């Protein structure tokens with residue numbers, strides 16, 4: 001009889017928890033969907049500090065804007081964490097002229113890759129060799145490449161449903177193309193933009209020289225003009241390209257992570273982190289990448305305050321600096337956590353655009369995953385279904401290396417690479433409701449960790 005009573009009490013407790021979980025999930029989503037402030041915050045960030053590349057004046061302005069937004073959202077405290085960052089300037093000249101006997105002369109839409117050196121003042125004029133990958137580069141060898149511009153024309157594979165996999169497959173051409181091509185005597189590289197969309201928008205992104213003996217300029221070309229250049233080469237293999245860039249690297253400058261907290265009521269020295277990255281490429285407004293992640297994270301504070309949810313652990317929101325270039329902000333924060341021996345319960349990142357949330361990719365133990373998967377049923381009615389072990393995010397990655405459970409918000413990826421790192425990544429491309437739903441999903445996951453991690 002005694003064991004029957006204990007069993008019944010356990011069933012009652014579990015039922016009570018399940019009802020509380022469902023009611024709180026609904027409360028969080030309702031609170032998020034009834035407030036427009038998250039969308040208004042994103043509009044301010046995009047319009048008042050677009051192109052906020054680390055080290056720039058607009059990045060500094062964004063730090064102040066985000067600090068104010070965090071205070072307005074109800075943070076107990078807001079402070080800055082300094083980190084040194086690179087300062088690369090795009091300049092004002094980005095010009096690429098194609099000259100062909102059969103097709104005449106035409107200008108293409110290009111942009112310098114982040115971190116590229118400039119061309120000589122009068123530019124570089126050379127013949128072009130079209131390749132798809134580094135294997136092609138090696139097969140062509142120095143005899144065919146020396147003195148030419150290497151044109152990496154590798155379209156992304158549309159067979160990947162999750163477009164981040166398509167991007168990840170060939171992003172190395174942009175990142176290391178100049179380094180690899182320079183070893184064969186190339187004088188510059190032009191890389192097809194990393195997008196599945198066919199348009200006139202060139203997509204920038206970081207490139208790295210690493211230990212290259214010679215640093216050569218790198219540029220991205222729009223997909224429309226990549227196809228046009230490829231066709232022109234088929235008709236005239238001896239055509240020339242004249243490339244002019246005036247970008248430059250300047251001395252490093254101090255910048256900052258912005259950190260805000262709501263103190264935990266029971267475990268104030270244990271932390272749950274959520275965040276996005278402040279910096280964005282200088283050719284757009286950085287709306288989806290990653291203004292959306294910033295305002296979604298800020299909105300978690302607002303949801304907790306408006307829904308009158310008092311966190312048991314300290315809730316820490318971080319606007320990371322320098323994700324796009326060297327991840328100095330993320331590394332600085334992880335270094336601080338390690339030095340202070342701070343206990344972190346979870347680190348959650350939003351950096352896959354403000355699109356419809358599908359779920360979470362998790363760098364967590366199998367044991368913890370078995371606990372988390374039990375919460376999935378409460379997310380399903382809001383279309384949040386993806387709960388899988390995998391990667392988390394660039395900015396929480398250094399925390400994962402410390403053994404901290406990390407997650408990344410997973411969104412519908414179909415449109416993300418249409419605008420990533422391009423001038424088209426603007427505020428008008430963000431849907432308010434999708435943005436709200438993403439923030440609600442993050443806030444709900446944080447609430448579950450806050451409630452049940454200690455158990």
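The values are calculated or read from the model by the stated rules, or taken from the named source; none is laboratory data. The structure displayed is predicted, hence computed values, not measured ones. Note that we place each Cβ from the backbone using ideal geometry, even for glycine, and neighbour counts take in every protein chain shown.
Annotations
- Reported count of residues in the stretch 141-174, each being part of a helix (DSSP H, G or I), surrounded by fewer than 18 Cβ atoms within 10 Å (Cβ to Cβ) and touching a strand residue (DSSP E or B) at 6+ places or on another chain (Cβ under 7 Å), is 1.
- Residue count, the stretch 57-88 (criterion: part of a helix (DSSP H, G or I) and closer than 22 Å to residue 38 by Cα): 15
- Residue check, residue 438 part of a helix (DSSP H, G or I), touching a residue at least 24 places away in the same chain (Cβ under 8 Å) and farther than 19 Å from residue 270 by Cα: yes
- Of the listed requirements (1) within 27 Å of residue 252 (Cα to Cα); (2) without any contact (Cβ under 8 Å) to a residue 60 or more places away in the chain, residue 366 misses just one: (1).
- Comparison of 393, 359, 403 shows that the only residue that is surrounded by fewer than 19 Cβ atoms within 10 Å (Cβ to Cβ) and assigned by TED's automatic domain parsing to the domain that holds residue 448 is 403.
- Of all the listed residues (437, 399, 409), the sole one being closer than 26 Å to residue 193 by Cα, in contact with a strand residue (DSSP E or B) (Cβ under 8 Å, 6 or more places away or on another chain) and modelled with pLDDT of 95 or more is 409.
- The sole residue among 186, 181 that is part of a loop (DSSP other than H, G, I, E, B), crowded, with 20+ Cβ neighbours inside 10 Å and either assigned by TED's automatic domain parsing to the domain that holds residue 286 or more than 24 Å from the chain's Cα centre (by Cα) (or both) is 186.
- Residue match in the stretch 256-268 (condition: without any contact (Cβ under 8 Å) to a residue 60 or more places away in the chain, in a strand (DSSP E or B) and over 30 Å from residue 57 (Cα atoms)): yes
- Residues of the stretch 323-366 that are part of a helix (DSSP H, G or I) and either modelled with pLDDT under 95 or touching a strand residue (DSSP E or B) at 6+ places or on another chain (Cβ under 9 Å) (or both): 328, 329, 330, 331, 332, 333, 336, 337, 366.
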